[in-house]
Amino acid sequence: MPRGPRSAPHGARWNYPDGYTILLARMFRDEPGGDPASVLRLAHRELFDSSAWSM
């Protein structure tokens, strides 16, 4: 696929080149309840309250 000129220097901006990221973000938002507070609770529970982190 041909690309045009860069809109920012390499490494200065993150670009998601396909729809997979959008689909993943939608699933991540909808799965815990669809509202921002539910997403934060899910992230906190899975990242910080997880027993996988305790040794």
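The values are calculated or read from the model by the stated rules, or taken from the named source; none is laboratory data. These figures come from a predicted structure and were not determined experimentally. FYI the Cβ positions are ideal-geometry reconstructions off the backbone, even for glycines, and counts take in every protein chain you see.
Quick look at the numbers
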quantity	calculated
Cross-chain or 6+ apart pairs with Cβ under 7 Å, segment 20-35 first and without any contact (Cβ under 8 Å) to a residue 24 or more places away in the chain and among the hydrophobic types (A, V, I, L, M, F, W, C), then part of a helix (DSSP H, G or I) and surrounded by 12 or more Cβ atoms within 10 Å (Cβ to Cβ)	PHE28/VAL39
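Residues are listed down the side, and each one gets a yes or a no for (1) among the aromatic types (Phe, Trp, Tyr); (2) modelled with pLDDT under 85; (3) exposed (fewer than 10 other Cβ atoms within 10 Å of the Cβ):
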residue	(1), (2), (3)
PRO2	no, yes, yes
TYR20	yes, no, yes
PHE28	yes, yes, no
SER51	no, yes, yes
SER54	no, yes, yes
